[in-house]
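The values are calculated or read from the model by the stated rules, or taken from the named source; none is laboratory data. Note that the coordinates shown come from a computational prediction; the quantities given were computed from them, not determined experimentally. For neighbour counting, all protein chains shown are included, and Cβ atoms are generated from backbone atoms with ideal geometry for every residue, glycine included.
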Amino acid sequence: MISGSRFRTIFEESNKIIFLSILACSLGILTNIQAIAQPPAPPQQGPVAITGATIHTVTEGVIEGGAVLFENGLITATGIGIDIPTNAEIIDATGKHVYPGFIHSQTTLGLMEIARIQESTDLQETGQINPNIRAQVAFHPASEHLAVAAVHGVTTVVPAPRGSLIAGRLAAMMTDGWTWEEMTVREGLGMVVEWPAMRNTESYLKDIRLLQEAFDKARRYKVARQAMKDGAGVHHPHDIKWESLIPVLTGEMPVFISVGEIKQIQAAIAWAEKEGLQTVLVGNRDMGLVAGQLAEKGIPVILTGVIAGPARQWEGYGQAYKTPLQLFEAGVDFCIAGDMGAASAYRIHHHASSAVAFGLPEEEALRSITIRAARILGIDDLVGSIEPGKEATLMITDGNALELWTRKEMVFIRGRQIEMRDKHLRLYEQYMEKHRQKQMPE
């Protein structure tokens with residue numbers, strides 16, 4: 001029989017072995033990542049001029065054979081015959097196209113690496129009421145998925161926390177950089193509210209009471225703090241949870257309400273109107289059925305995906321594909337977000353082009369993943385179009401950016417030219433080399 005002291009010794013030694021094994025594996029993984037992952041691009045060193053290209057400004061039409069000049073990460077001039085500094089690096093893009101970078105307005109990119117590995121996922125916090133959560137703090141700058149998105153022209157993303165009634169605050173992030181701080185384009189874009197499912201009445205009413213109670217507490221907190229500041233009330237302690245909801249209550253920050261079928265949409269609209277909130281609806285299913293109402297009330301929509309099958313037996317196969325056209329014809333301000341999954345974020349232009357195949361005008365499809373997305377997110381003063389004063393976040397392509405076979409040849413983020421390598425390209429080269437070696441005579 002093993003004595004107690006002997007058992008403790010064995011237990012401690014086993015723990016040491018386990019710890020050292022985990023440490024060794026971790027160091028091996030990190031070493032491997034450092035060996036294969038591309039470093040972020042360095043800051044822009046001098047003025048850059050892209051000349052001879054077809055410039056798709058998005059907001060000011062198309063400039064044939066034009067030029068774009070940018071310096072210190074900002075666009076300084078666009079057009080034909082612009083003055084180019086003698087020290088500028090000139091990129092001859094004759095026969096090529098220049099587009100603003102794509103914007104993915106609702107994704108798990110940066111918050112999830114491998115869905116099946118819990119430690120690589122940071123989407124949800126404990127509890128149902130988390131307005132103080134800031135998504136950008138959990139953003140993972142070294143994610144392999146970021147480079148994949150960037151080389152496909154997705155330069156700005158909005159990682160969305162989820163899983164709670166009030167899941168936290170949104171931020172727009174660049175897809176290249178060393179730290180989350182330097183990758184933040186703008187924070188505090190909106191507050192994420194996930195509208196509860198309505199299949200079970202008891203559960204739904206419980207969640208609604210919890211949501212309403214949170215907003216009521218935030219209002220009381222706001223009044224108490226203001227009274228304290230005005231000298232008309234007793235000391236009321238600072239509470240970061242309710243403090244985070246004040247911009248929502250004052251209309252400075254919109255609520256991004258995630259909804260599903262039509263009952264959720266109608267209930268969310270009614271609640272937001274009652275609360276006097278600035279609202280953006282996030283979803284896909286049934287948005288086309290209420291397009292007229294959304295247009296009348298001026299409620300913007302982030303359309304989460306176009307490539308989807310019918311939700312009901314009586315719906316046509318192409319219902320989801322036609323939703324963008326229905327919203328456009330009704331006059332709804334909308335953008336297309338594409339797949340939520342981090343590994344599929346690069347496919348956003350697939351969703352936009354699929355909408356074109358079902359009737360959405362091509363220029364509107366492009367706007368839906370550039371300037372429309374930027375406007376709904378409140379970052380259109382920074383990105384979304386090619387205009388002087390905006391960030392030089394753009395791409396050079398060999399054809400129409402929405403077409404699946406078009407190659408993105410160069411991508412610039414804030415004037416920094418990123419390396420056009422990602423995990424997909426590395427794997428392609430690796431297995432092409434394997435194929436080449438297998439063909440060699442022994």
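Here is a yes/no grid of residues against (1) within 23 Å of LYS297 (Cα to Cα); (2) surrounded by fewer than 18 Cβ atoms within 10 Å (Cβ to Cβ):
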| position | (1), (2) |
| --- | --- |
| GLY309 | no, yes |
| GLY318 | no, yes |
| LEU325 | yes, no |
| ALA343 | no, no |
| ALA374 | yes, no |
| GLY378 | yes, yes |
| GLY389 | no, yes |
| LEU402 | no, no |
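Residues that are touching a residue at least 40 places away in the same chain (Cβ under 8 Å), in the same structural domain as ASN132 (by TED's automatic domain parsing) and not in a loop (DSSP other than H, G, I, E, B) do occur in segment 312-324, at least one of them.
Of the residues that make up segment 291-302, is at least one under 15 Å from the mean Cα position of the chain (by Cα) and under 26 Å from THR155 (Cβ atoms)? Yes, segment 291-302 has at least one match. In this structure, GLU202 does not satisfy being surrounded by fewer than 20 Cβ atoms within 10 Å (Cβ to Cβ), in contact with a helix residue (DSSP H, G or I) (Cβ under 9 Å, 6 or more places away or on another chain), acidic (Asp, Glu) and at pLDDT below 95. In the set (1) without any contact (Cβ under 8 Å) to a residue 60 or more places away in the chain; (2) in a helix (DSSP H, G or I); (3) surrounded by fewer than 19 Cβ atoms within 10 Å (Cβ to Cβ), the condition left unmet by ALA267 is number (1).
Confirm whether LEU30 is under 28 Å from the mean Cα position of the chain (by Cα) and either within 17 Å of GLY399 (Cβ to Cβ) or modelled with pLDDT of 95 or more (or both).
Values: under 28 Å from the mean Cα position of the chain (by Cα): yes; either within 17 Å of GLY399 (Cβ to Cβ) or modelled with pLDDT of 95 or more (or both): no.
So LEU30 fails the test.
Being more than 28 Å from PRO39 (Cα to Cα), at pLDDT 95 or above and hydrophobic (A, V, I, L, M, F, W, C) narrows it down to one of ALA392, ALA352, ALA374, so name that one. Step through it out loud before you land on a result.
Values: ALA392 fails: more than 28 Å from PRO39 (Cα to Cα); ALA374 fails: more than 28 Å from PRO39 (Cα to Cα).
From the options ALA392, ALA352, ALA374, the qualifying one is ALA352.
Considered as a group, the residues in segment 226-260 that are closer than 30 Å to PHE334 by Cβ and small (Gly, Ala, Ser) include one that is surrounded by the fewest Cβ atoms within 10 Å (Cβ to Cβ), and that residue is GLY251. Residues that are touching a strand residue (DSSP E or B) at 6+ places or on another chain (Cβ under 7 Å) and in a loop (DSSP other than H, G, I, E, B) within segment 189-240 comprise just one, TRP195.
When segment 66-85 is filtered for residues that are out of contact with any strand residue (DSSP E or B) (no Cβ under 6 Å at 6 or more places or on another chain) and exposed (fewer than 15 other Cβ atoms within 10 Å of the Cβ), the ones remaining, listed by number, are ASN72, GLY81, ASP83, PRO85.
Any residue in segment 232-255 that is of a type in the set (Gly, Ala, Ser) and more than 24 Å from the chain's Cα centre (by Cα)? Walk me through it before giving the result.
If we filter segment 232-255 for residues that are of a type in the set (Gly, Ala, Ser), which is where we start, we get 232-233, 244, 251.
Then drop every residue that is not more than 24 Å from the chain's Cα centre (by Cα), which leaves 232-233.
Yes; the residues of segment 232-255 include at least one that is of a type in the set (Gly, Ala, Ser) and more than 24 Å from the chain's Cα centre (by Cα).
Does VAL58 qualify as being at pLDDT 50 or above and in contact with a Leu (Cβ under 7 Å, 6 or more places away or on another chain)? Can you show your working first?
Numbers: at pLDDT 50 or above: yes; in contact with a Leu (Cβ under 7 Å, 6 or more places away or on another chain): yes.
Yes; evaluated as a whole, the condition is true for this residue.
From the list GLY359, GLY338, which one is part of a loop (DSSP other than H, G, I, E, B), in the same structural domain as ASN284 (by TED's automatic domain parsing) and crowded, with 20+ Cβ neighbours inside 10 Å? Break it down into steps so the answer makes sense when it comes.
Numbers: GLY359 fails: crowded, with 20+ Cβ neighbours inside 10 Å.
From the options GLY359, GLY338, the qualifying one is GLY338.
Residues in segment 110-139 that are surrounded by fewer than 16 Cβ atoms within 10 Å (Cβ to Cβ) and either in a helix (DSSP H, G or I) or among the hydroxyl-bearing types (Ser, Thr, Tyr) (or both): GLN118, GLU119, SER120, THR126, VAL137. Within segment 54-76, being in a strand (DSSP E or B) and without any contact (Cβ under 8 Å) to a residue 40 or more places away in the chain holds for VAL62, ILE63, GLU64, GLY65, GLY66, ALA67, LEU69.
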